[in-house]
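Peer 1: Please see the structure below; I have some questions.
What follows is calculated from the coordinates using simple rules that are stated; it is not laboratory data. Keep in mind it's a predicted model, so treat the numbers as computed, not measured. Here Cβ is always computed from backbone atoms with ideal geometry, including for glycine, and neighbour counts include all displayed protein chains.
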Amino acid sequence: MSQAISCVTVLQAFFFVTTLLFVIISILLLNRSQVLRKKLSDMVEALAGKDKELNKAKADAQDLLSPFIPESSRSIIISMDAEGRMIDMNDYACELFGYTKEELIGKEAFGLIFPKKTKNNQPQSDIISRIFANPKLYVENETENVKKSGEHFWISWTNRVMYDDSGEPKELRSVGFDITKRKRLEEELKYLASVDPQTGVLNRQAILEAGYHELKRAVRYKRNLSVLIMQLDYFHSVDDHRDFSDDIVRQVVAITQNIIRDSDYIGRVGDVEFALILPETSQKNAMTVANRIKEKIHKENLQYKGGFFITVHFGAAEKTNDRDLFDDMLLKALNSLNTPIKQPVLSRKGKSKPRKKKGL
């Protein structure tokens, strides 16, 4: 009997220990599985993040390696090598310029779709080399372009330089938009801001700016610079008048422009006063120009109404030293208008007769 009880006790102890071990092992396995699940979750999350980064990298690579997609884009997309030869372009670029891809690929862009100089005679043929040399300075730029038909227009570009495995620049990829309307508006605004609307010559502010720059240039290169003030007048046998029509003023300006050089300036500084800036001209030679203008106007016999004879007189000044200011030169020319000289005037019959008048 005692042996049976002893066996039962041993069996109970065995099952107890076995159960305890099972519980302990289960707890350990449960904890381990939770750790494994956490690691698995972290791995899944990390893989998702890497997958997202990979997709983004693929998209960026696609944008870099295939800049001409989509073909339906209304952007002008073009790539060139370091020598300015065209590598590829999208369909819209071909459509806009008026060429086929075969006519453009492998050709030098400048001289074909980029004029080497703009209509304002500004050079732009070195822009490609400048972009390759300083890509950060030319992330954006504007160029004047020309179509196959000869029509000029403006493009605003966004640029990106591509490099080879050795780090050397190999290709320029640019996306552009037609900004011709904006440039024309800018030119119109600039014209309105600098031109006298009645005569088409420079207005007061523009002629002062031109004088300032020409004086700086004359001082730098030790050159002559003279200024003339031309004042319109006309005479009658009894009275003098100052009421001029725009047509008469325009005729006088046209005669003056035909006599002065392309490098000279003329601007309106008053109602009937005009300033002429004559670079590399002494005051003596400026007076010669003034006399030619007066003689031409007298010869044209410009008349206002009632037979009144239109004439002009001049004041002159020149740069005398490097400390001169352009405002001082204008003032000297204005003050010299009061120098009395003889001025020809027509009689009622249209024949000239001498008459004393203040001014040149």
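Peer 1: Considering only DSSP states other than H, G, I, E and B, which GluC sites (Glu not before Pro) in the range 125-223 qualify as loop sites with at most 14 other Cβ atoms within 10 Å?
Peer 2: Hits after loop and neighbour filter: Glu151.
Peer 1: Take every DSSP beta bridge whose two residues both sit in the range 76-185, then give the antiparallel share in percent to the nearest 5.
Peer 2: On the way: 27 of 28 bridges.
Here the antiparallel bridges make up roughly 95 percent for the range 76-185.
Peer 1: What list of ³J(HN,Hα) values in whole Hz, one per residue of the range 313-322 in order, does the Karplus curve 6.51 cos²θ - 1.76 cosθ + 1.60 (θ = phi - 60°) give from phi, with Gly and Pro shown as x?
Peer 2: 9, 10, x, 9, 7, 9, 5, 9, 7, 6
Peer 1: Right, next: What are the ³J(HN,Hα) couplings of the range 221-227, residue after residue, when phi is run through the Karplus curve with 6.51, -1.76, 1.60 and θ = phi - 60°? Round to Hz, x for glycine and proline.
Peer 2: Once rounded to whole Hz, the list reads 9, 6, 10, 6, 8, 10, 10.
Peer 1: Using alpha carbon coordinates only, what is the Rg to Rh ratio of the range 121-199, with Rh defined as the Kirkwood radius?
Peer 2: Result: Rg/Rh = 1.12.
Peer 1: Non-local amide H neighbours of Asn145 (under 5 Å, H modeled in plane, Pro and chain starts lacking H): which ones?
Peer 2: Phe153, Trp154, Ile155
Peer 1: How far apart, in nanometres, would the label points at Lys117 and Glu300 be if each is projected 7 angstrom from Cα along the Cα-to-Cβ direction?
Peer 2: Simple spin-label model gives 3.0 nm for this pair.
Peer 1: Now for a different question. With a 10 Å Cβ neighbour count serving as the proxy for reagent exposure, in which order, fewest first, do Thr158, Thr311, Thr320 appear?
Peer 2: Going from least to most buried by this count: Thr320, Thr158, Thr311.
Peer 1: Which order, highest average first, do 75-88, 271-284 follow once you tally other Cβ atoms within 10 Å for each residue and take the mean per peptide?
Peer 2: Output ranking for 75-88, 271-284: 271-284, 75-88.
Peer 1: Let me ask you something else. Would you mind checking which residues have amide H under 5 Å from Glu171's amide H? H placed 1.01 Å from N; only 5 or more apart, or other chain.
Peer 2: For Glu171, the qualifying residues are Met162.
Peer 1: Quick one: what are the phi-derived ³J(HN,Hα) couplings along the range 193-199, Karplus 6.51/-1.76/1.60 with θ = phi - 60°, whole Hz, x for glycine and proline?
Peer 2: In residue order, the calculated couplings are 7, 10, 10, 6, x, 6, 10 Hz.
Peer 1: Summing Lys, Arg as +1 and Asp, Glu as -1, what charge do residues with Cβ under 13 Å from the Cβ of Ile207 carry, Ile207 excluded?
Peer 2: Numbers: positive: Arg204, Arg268; negative: Asp196, Glu209, Glu214, Asp264, Glu273, Asp327.
Here the count lands on -4.
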